[in-house]
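Notes to accompany the following structure.
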Amino acid sequence: MPSRTRRYDVRKVRVALSAQWRALVEYTAKLDPERLAEPSSVAGWSVGTLVAHIAASVGAVLRCLDSSEPSTVEVGLADWARAMPGQAERIDLRTKELAAQGIDLREQIERAEAALDALGERPGTRVAAIPHGVWSMTDLMLSRVIEAVVHADDLDPGFPHDQQALAFATRALADLMADRAPGRSVELRVPPYAAVQCVEGPRHTRGTPPNVVETAPLTWIRLASGRLAWADAVAAGELHASGERSDLSPYLPLLR
């Protein structure tokens, strides 16, 4: 399991996740049948299918907590990100099935919240089983925050994100970048939420780093999730990259 230097308070992550979930419920409750039938920004999915996928993402919390608790953590958030491309076809088929059945986002969130409430003071120590291993409750919560922010942005580029959820998603994806391309030759800055060093090469110790990448939180999230191409972000002036090692496009996207 990859190590992670940043420490996350799972209780704070959970509060942010709940706020982002509530924002999704409020937003989707206003979507009429005509809007739900329109194509979404995710290829091959209608807006209604995308909402069903968000509900299924929430339901993953229930699936993890329904199983008996394993004894040790085996995988981390980086393993989840690496496994996602191989799950794309299965996720697509399952999402369309759930959309046809009429899965309800509000109901899924209420059930997930109740399951999390039942943990009481244990959310920081509980571990949960997922298809490719066993992970900590912290990583489960972080993965749900990333999904909730990414898919809310899929719904609407102007979505009213919970700011703490946006912060946690930004930091977690920056940490995944450091895991994907370990090293200290490039500094990735996503103010005001994150700054990490990555990419092999000469180590920077003081002064202005020779290789710097700087962008805004939503731009970083779109790059990391494959919603925005590196070249397009540079061309639009949404990304500043300086230094011969500052091109991070070979490592992106981090997840799909």
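Here are some conditions: (1) open to solvent by 70 Å² or more (accessible area, probe 1.4 Å); (2) touching a Phe, Trp or Tyr at 6+ places or on another chain (Cβ under 9 Å). Ser249 meets all but one. Which one does it not meet?
Ser249 satisfies all of (1) open to solvent by 70 Å² or more (accessible area, probe 1.4 Å); (2) touching a Phe, Trp or Tyr at 6+ places or on another chain (Cβ under 9 Å) except (1).
Working carefully through the options Val75, Val42, find the one that is open to solvent by less than 60 Å² (accessible area, probe 1.4 Å) and closer than 26 Å to Tyr8 by Cα.
On the way: Val42 fails: closer than 26 Å to Tyr8 by Cα.
Unique residue meeting the criteria: Val75.
Any chance you could count how many residues in region 180-201 are more than 21 Å from the chain's Cα centre (by Cα) and of a type in the set (Lys, Arg)?
Adding up the residues that qualify gives 1.
Answer yes or no: is there a residue in region 175-183 that is assigned to a loop (DSSP other than H, G, I, E, B), more than 30 Å from Pro39 (Cα to Cα) and open to solvent by 10 Å² or more (accessible area, probe 1.4 Å). Full working, then the answer.
Initially, region 175-183 is screened for residues assigned to a loop (DSSP other than H, G, I, E, B), giving 181-183.
When the remaining residues are screened for being more than 30 Å from Pro39 (Cα to Cα), the result is 181-183.
Keeping just the survivors that are open to solvent by 10 Å² or more (accessible area, probe 1.4 Å) gives 182-183.
Yes - at least one qualifying residue is present in region 175-183.
Check Pro192, Pro209 and return the single one that is farther than 24 Å from Asp79 by Cα, modelled with pLDDT under 95, part of a loop (DSSP other than H, G, I, E, B) and not assigned by the TED database to the domain that holds Glu26.
Working: Pro192 fails: modelled with pLDDT under 95.
Going through Pro192, Pro209 in turn, just one is farther than 24 Å from Asp79 by Cα, modelled with pLDDT under 95, part of a loop (DSSP other than H, G, I, E, B) and not assigned by the TED database to the domain that holds Glu26: Pro209.
Scan region 225-249 for residues that are touching a residue at least 60 places away in the same chain (Cβ under 8 Å) and closer than 26 Å to Ala83 by Cβ and report the count. Before you say what the answer is, go through the steps one by one.
From region 225-249, those touching a residue at least 60 places away in the same chain (Cβ under 8 Å) are 225, 227, 245-246, 248; that's our starting set.
From the residues that got through so far, the ones that are closer than 26 Å to Ala83 by Cβ too are 225, 227, 248.
Matching residues across region 225-249 total 3.
Condition (residue is without any contact (Cβ under 8 Å) to a residue 12 or more places away in the chain and either open to solvent by less than 30 Å² (accessible area, probe 1.4 Å) or small (Gly, Ala, Ser) (or both)) applied to region 216-224: is it met by at least one residue? Even if it seems obvious, please write down each step before you answer.
First pass over region 216-224, keeping only residues without any contact (Cβ under 8 Å) to a residue 12 or more places away in the chain: none.
No, every residue in region 216-224 fails to be without any contact (Cβ under 8 Å) to a residue 12 or more places away in the chain and either open to solvent by less than 30 Å² (accessible area, probe 1.4 Å) or small (Gly, Ala, Ser) (or both).
Within region 119-136, identify whether any single residue is assigned to a helix (DSSP H, G or I), within 10 Å of Val61 (Cβ to Cβ) and either at pLDDT below 90 or charged (D, E, K, R) (or both), and answer yes or no.
So in region 119-136, the residues assigned to a helix (DSSP H, G or I) come out as none.
Looking for residues that are assigned to a helix (DSSP H, G or I), within 10 Å of Val61 (Cβ to Cβ) and either at pLDDT below 90 or charged (D, E, K, R) (or both), one finds none in region 119-136, hence no.
Of (1) of a type in the set (Gly, Ala, Ser); (2) in a loop (DSSP other than H, G, I, E, B); (3) farther than 19 Å from Asp175 by Cβ, Gly226 satisfies all except one. Which?
Evaluating Gly226 over (1) of a type in the set (Gly, Ala, Ser); (2) in a loop (DSSP other than H, G, I, E, B); (3) farther than 19 Å from Asp175 by Cβ leaves (3) as the failure.
Restricting to region 47-72, name every residue that is open to solvent by 30 Å² or more (accessible area, probe 1.4 Å) and touching a helix residue (DSSP H, G or I) at 6+ places or on another chain (Cβ under 9 Å). Reasoning before the result, please.
Going through region 47-72, the residues open to solvent by 30 Å² or more (accessible area, probe 1.4 Å) turn out to be 63, 66-72.
Selection gives Asp66 alone.
Would you point out the residue of region 129-171, among those that are of a type in the set (Gly, Ala, Ser) and in contact with a Phe, Trp or Tyr (Cβ under 8 Å, 6 or more places away or on another chain), that is nearest to Ser40 (Cα to Cα)?
Restricting attention to region 129-171, the residues satisfying the condition of being of a type in the set (Gly, Ala, Ser) are 129, 133, 136, 143, 148, 152, 158, 165, 167, 169.
Those left that are additionally in contact with a Phe, Trp or Tyr (Cβ under 8 Å, 6 or more places away or on another chain): 143, 148, 152, 167.
Working: Ser143: 22, Ala148: 16, Ala152: 11, Ala167: 25 Å.
Going through the qualifying residues, I end up with Ala152.
The values are calculated or read from the model by the stated rules, or taken from the named source; none is laboratory data. Bear in mind the structure is a predicted one, so any value in this text is a computation, not a measurement. Cβ: placed from backbone, ideal geometry, glycine included. Neighbour counts: every protein chain shown. The accessibility values were calculated without ligands, DNA or RNA, using every heavy atom of the protein model including side chains. Shrake-Rupley method; radii C 1.70, N 1.55, O 1.52, S 1.80 Å.
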